[in-house]
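The values are calculated or read from the model by the stated rules, or taken from the named source; none is laboratory data. Note that the coordinates shown come from a computational prediction; the quantities given were computed from them, not determined experimentally. Because the Cβ atoms are built from the backbone with ideal geometry, glycine has one as well, and the counts that use them run over all protein chains shown. Ligands, DNA and RNA are excluded from the accessible area calculation, which covers all protein heavy atoms including side chains. Shrake-Rupley method; radii C 1.70, N 1.55, O 1.52, S 1.80 Å.
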Amino acid sequence: MVELMTKNAIIPVNKYVKEAGGWNFLDQFFRSMFGNEINRQTSSADGDSYALFEATTQLKLMGWPMMPSTPVLYVNMDMFTDAGIEPPNDWQQLVDVAKRMTTPSRKGRGLPDTWTDWIYGATCIPVPLTPWTWSTAIDDFNAGKFPMLYFTTGGISKVKTEANFTWTAKYCPAGTHGFGVNQGGGDFHIFDNVSEEQQDAAWKLVQYLTTPENAALWSAASGYIAVNKGAYDTEIMKIVLQETPQYLVARNQLDYSHPQMMSNNIMAVREALKGNLDELVEEKKSIAEVQADGQAEMVALIGAPSTSTPSNTSSCACPSEGGDRISSASLLGGGACVGLTLELGLGGIVFALFA
């Protein structure tokens with residue numbers, strides 16, 4: 001989103017949300033999903049007012065969640081049962097379990113490339129890993145090549161249909177301060193350089209695709225979290241959850257989720273972080289080298305002239321489920337993303353995929 005904002009390519013949807021009912025309209029949705037959509041240029045907006053939707057506020061809702069996700073830990077329960085070991089619940093257990101589940105022919109956990117920085121937001125501790133390409137990781141987990149895999153909740157539907165063993169999905173293991181993950185997934189954004197009629201049509205499409213029924217259909221088919229709370233009361237989701245309760249893991253993990261990391265020059269910063277983490281996973285660098293190199297590279301990039309993020313960024317607060325506010329402090333933007341456009345002959349709408 002920040003790249004699109006920098007280019008003035010997208011518009012805020014504040015006016016549409018206000019016209020639809022403001023906070024009452026938002027109550028249909030999981031508010032914790034909106035942290036990646038706020039421009040984070042002010043810490044204003046009172047939870048008991050319509051400040052978020054007033055034309056005078058700097059706080060803008062620059063997009064709308066479409067297919068939210070949180071990383072989950074997929075577990076081959078047959079392997080664990082055979083080994084007489086319980087799956088891990090915290091980081092130290094993860095280290096111990098991964099070591100015990102490691103054999104001469106396999107490592108104790110799979111970690112796909114491309115999104116190592118996303119997983120890093122949930123766990124920062126080294127364990128015996130198998131580096132895997134994103135495109136094949138879920139297939140290889142289904143083939144029994146490793147007992148645990150960090151992956152997007154979008155993999156659940158594939159595991160459900162293809163795994164021939166007993167499996168489960170768990171929260172990412174807890175650290176010393178409890179559970180915590182960064183949200184990923186994909187968003188809707190509306191283009192700026194189209195007519196108002198096209199923008200209005202794009203918003204109608206967003207509303208249509210995020211009704212309880214359509215959100216349920218999307219979640220059931222993909223494994224991503226249904227953005228609309230009402231989706232979980234539909235018949236299709238009741239059937240899905242009865243058959244595969246693992247679908248609820250990522251949704252419930254929203255209680256411990258935070259927006260994506262953002263900073264000046266975020267795309268370059270992310271590549272520096274990801275590149276060093278990849279080299280750690282591939283055993284090309286030591287932990288100390290990764291810490292030193294990654295820190296130096298990222299500090300240099302953050303201090304460089306911005307090519308990604310507006311300079312007027314500080315902290316903000318975004319709505320949580322209870323109507324309280326989640327402090328986002330140093331998280332300075334929305335989902336780092338690029339856009340895939342869908343014109344539909346009506347208006348410009350961009351799907352921003354960032355996990």
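Observations on the structure shown:
- Cβ-Cβ under 9 Å pairs, at least 6 apart or on other chains, region 70-94 side among the small types (Gly, Ala, Ser), far side surrounded by 22 or more Cβ atoms within 10 Å (Cβ to Cβ) and in a loop (DSSP other than H, G, I, E, B): 83/147
- Taking residues in region 285-299 that are closer than 18 Å to residue 267 by Cβ, and partners anywhere that are part of a helix (DSSP H, G or I), the pairs with Cβ atoms closer than 7 Å and at least 6 places apart or on different chains are 294/272; 294/273; 294/276; 297/272; 298/269; 298/272; 298/273.
- Residue 255 being closer than 28 Å to residue 175 by Cβ and in contact with a helix residue (DSSP H, G or I) (Cβ under 6 Å, 6 or more places away or on another chain): no
Yes/no per residue for (1) open to solvent by 20 Å² or more (accessible area, probe 1.4 Å); (2) within 19 Å of residue 242 (Cα to Cα); (3) part of a helix (DSSP H, G or I):
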residue	(1), (2), (3)
161	yes, yes, yes
169	no, yes, no
190	no, no, no
197	yes, no, yes
216	no, yes, yes
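- Filtered residue count, region 257-289, keeping only those that are hydrophobic (A, V, I, L, M, F, W, C), open to solvent by 40 Å² or more (accessible area, probe 1.4 Å) and in a loop (DSSP other than H, G, I, E, B): 1
- Picking from residues in region 18-64 that are closer than 24 Å to residue 181 by Cα and modelled with pLDDT of 90 or more, the one that is surrounded by the fewest Cβ atoms within 10 Å (Cβ to Cβ) is 28.
- Scan of region 136-146 for residues that are outside any helix (DSSP H, G or I) and of a type outside the set (Gly, Ala, Ser), ordered by number: 145, 146
- Subset of region 79-93 [of a type in the set (D, E, K, R) and open to solvent by less than 60 Å² (accessible area, probe 1.4 Å)]: 90
- Residue ID - most open to solvent (accessible area, probe 1.4 Å), chosen from residues in region 177-188 that are in contact (Cβ under 8 Å) with a residue 24 or more places away in the chain and in a loop (DSSP other than H, G, I, E, B): 179
- Test: residue 224 is part of a helix (DSSP H, G or I), at pLDDT 90 or above, within 21 Å of the chain's Cα centre (by Cα) and not β-branched (Val, Ile, Thr): no
- Cβ-Cβ under 9 Å pairs, at least 6 apart or on other chains, region 14-28 side polar (S, T, N, Q), far side assigned to a helix (DSSP H, G or I) and surrounded by fewer than 17 Cβ atoms within 10 Å (Cβ to Cβ): 28/229; 28/230
- Applying the criterion of being within 18 Å of residue 213 (Cα to Cα), open to solvent by less than 50 Å² (accessible area, probe 1.4 Å) and aliphatic (A, V, I, L, M) to the residues of region 235-256, the residue that is nearest to the chain's Cα centre (by Cα) is 248.
- The sole residue among 248, 149, 254 that is outside any loop (DSSP other than H, G, I, E, B) and free of Cβ contacts under 8 Å to residues at least 24 places away in the same chain is 248.
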